Every structure is written in structure tokens, then in C-alpha cells.
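First the structure, in the form of C-alpha cells, and then the observations on it.
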Amino acid sequence: MLRVEGLNKQFGGLQAVRDCSFKIAEGTITGLIGPNGAGKTTTFNMIAGELAPTSGRIIYQGEDIAGLPTHQMFHRGIVRTFQIPHEFAKMTVLENLMVVPPSQPGEHIFNNWINPKAVKAREEEVRDKAETALEFLSISHLRDERAGNLSGGQKKLLELGRTMMTDAKLVLLDEPGAGVNPTLVLKIIDMISQLKAERGYTFCIIEHDMDLIASLCDPVIVLAEGTVLTEGTMDEVRANAEVLDAYLGGGEEDDE
């Protein structure tokens with residue numbers, strides 16, 4: 001589904017990503033791991049369109065998308081979540097889901113006067129889809145709660161719900177288990193597995209929780225110093241001496 005070829009990103013004198021190449025196969029849950037400063041988030045940001053690479057190619061479904069802006073990535077089916085959720089804090093959980101689908105007729109003020117039936121019909125369709133997502137995620141009881149009042153784990157579930165409101169094909173998850181209690185982490189793992197099995201999503205996950213990676217991901221790609229160190233199953237990665245050395249002696253700066 002996606003190939004990263006010779007990707008480089010430079011910030012002044014800092015080479016954050018260096019000749020990075022890997023593939024994400026359709027229908028997989030691929031883990032992207034590495035010590036702090038390995039370039040994981042920068043790589044994600046380039047794939048999602050938040051950063052343009054200094055050089056290299058990002059081939060998605062046969063097309064070089066390197067440097068395209070985020071809204072064009074979104075319309076191609078690439079959806080990204082964040083380590084710190086970006087919810088609309090003062091809107092309800094249901095409203096957070098309903099604003100996601102693009103090109104809703106009610107977004108244009110004149111449609112509300114000229115064609116109110118179409119606006120209402122589309123809004124009801126979007127509401128039904130949002131209610132289905134909430135039910136799938138077992139958070140229907142939170143539908144009228146302000147999103148800013150949710151716990152960290154509930155916000156991560158809300159982020160998954162927002163991906164369900166799109167025509168996502170490739171979902172980039174940035175630390176879905178960070179700051180989440182163990183019970184909700186298990187729930188998130190289950191939801192990701194179900195979304196892959198039932199909706200055909202392809203996932204790529206940045207995560208420091210190795211148990212979460214081991215539960216979900218195959219293959220696992222290890223970055224170190226901005227490039228791919230190795231990849232394989234989690235058992236192969238854990239047995240790799242270079243990986244152990246990278247984690248024990250990895251950089252101290254975060255790649256955010």
C-alpha cells in the first residue's frame with residue numbers, strides 16, 4: 001500500500017531522518033518503534049503531509065505523494081492520530097464525530113435556506129454513522145459529554161471513532177497506548193484488531209509500549225538515528241543485538 005524510499009528530513013544542521021526506506025503492506029498492522037530521537041514522529045509527519053521531506057519518495061497506491069498537504073492526504077484515505085489527542089474540547093463526543101465527514105451540505109450557509117431537506121438528510125445520515133461508531137467503541141454513554149472532560153484513554157477511543165467517520169484506508173496511530181490505564185489499553189488493542197478485520201483498515205503504529213506492539217503488530221520496523229535498523233516479527237526484533245544496543249545507547253532528544 002505504501003513505500004517510503006530514501007526519505008530524508010533536515011532541520012538546519014539536524015538530520016532527523018536519513019535515507020529511510022520501508023514498506024507497509026495492505027491489510028497489516030505495522031509497528032514503528034525505536035528509541036527517543038529515532039525519527040519516528042518526523043517520518044509520520046511526512047507521510048501524513050504535515051512536513052515536506054527534504055528528499056526521497058512516499059509512494060501510496062502507486063502515486064508519489066511526498067509533499068502533498070494534509071487535506072489531500074485525508075481525501076486519499078490517509079488518516080493520522082496524535083500522541084496527545086486533538087479533540088474539540090467544548091463540543092460533545094457525538095459532535096466531535098459528526099464534524100469529521102467532508103463536504104457536508106450544511107457547511108454552506110445558503111444550502112440551509114435553499115435546500116434544507118438535503119442538509120437535514122445528510123445530517124441524519126452522519127448522526128447515524130456517529131452513533132454506530134460510539135456503539136462499536138462501547139462509549140455511547142459518553143455521547144453528550146464534552147470531549148474535554150474525557151479521560152486520556154477515552155480520548156484515544158474518540159480518536160479511533162473519528163477515523164471511523166472517514167473513508168480511511170491507511171491509519172497512522174501515534175502512541176495509542178500513551179497515558180492510558182491498562183484496562184483501556186486492552187480495549188484499544190481490541191478495537192484496532194476489529195477495525196482491521198471488519199473494516200479492512202491498514203495500520204501503522206508508533207508506540208513505546210512493547211506489549212501493545214507485540215499484541216498487534218507484524219511486521220515491526222525499528223528506526224535508529226533516522227533510518228531503518230531492522231524489521232521482522234516482534235520475536236526477531238527482540239532478539240536482535242543491534243536493537244538492544246540502540247535502545248540502551250539511544251539518543252536522549254525526543255523526535256517531536
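With the structure loaded, tell me whether A224 is surrounded by fewer than 17 Cβ atoms within 10 Å (Cβ to Cβ), at pLDDT 90 or above and more than 25 Å from K90 (Cα to Cα) or whether it fails that test. It is false that A224 is surrounded by fewer than 17 Cβ atoms within 10 Å (Cβ to Cβ), at pLDDT 90 or above and more than 25 Å from K90 (Cα to Cα).
Matching residues to (1) of a type outside the set (V, I, T); (2) in contact (Cβ under 8 Å) with a residue 60 or more places away in the chain; (3) surrounded by 19 or more Cβ atoms within 10 Å (Cβ to Cβ):
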site	(1), (2), (3)
N45	yes, no, yes
Y60	yes, yes, yes
V79	no, yes, yes
T92	no, no, no
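Restricting to the range 51-90, give me the number of residues that are of a type in the set (D, E, K, R) and either within 25 Å of G200 (Cβ to Cβ) or under 11 Å from the mean Cα position of the chain (by Cα) (or both). Residues that pass the stated criteria total 4.
Are any residues in the range 185-211 touching a strand residue (DSSP E or B) at 6+ places or on another chain (Cβ under 7 Å) and open to solvent by less than 70 Å² (accessible area, probe 1.4 Å), and if so, which ones? Across the range 185-211, the qualifying residues are I192, Y201, T202, F203, C204, I205, I206, E207. Looking only at the range 1-43, residues that are more than 18 Å from I78 (Cβ to Cβ), open to solvent by 10 Å² or more (accessible area, probe 1.4 Å) and outside any strand (DSSP E or B) come to 5 in all. Being of a type outside the set (K, R), in a strand (DSSP E or B) and modelled with pLDDT of 95 or more is a property that V79 lacks.
Within the range 1-26, if we keep just the residues that are at pLDDT 95 or above and among the small types (G, A, S), the residue that is farthest from A197 (Cα to Cα) turns out to be A16.
Residues in the range 94-136 that are under 22 Å from the mean Cα position of the chain (by Cα), surrounded by fewer than 13 Cβ atoms within 10 Å (Cβ to Cβ) and not in a loop (DSSP other than H, G, I, E, B): E135 alone.
Within the range 147-179, the set of residues being within 12 Å of the chain's Cα centre (by Cα) and surrounded by fewer than 20 Cβ atoms within 10 Å (Cβ to Cβ) comprises K169 only.
The values are calculated or read from the model by the stated rules, or taken from the named source; none is laboratory data. If you're wondering where the values come from, they're calculated on a predicted model, not measured in any experiment. Backbone-built Cβ (ideal geometry, glycine too); neighbour counts: all protein chains shown. The accessibility values were calculated without ligands, DNA or RNA, using every heavy atom of the protein model including side chains. Shrake-Rupley method; radii C 1.70, N 1.55, O 1.52, S 1.80 Å.
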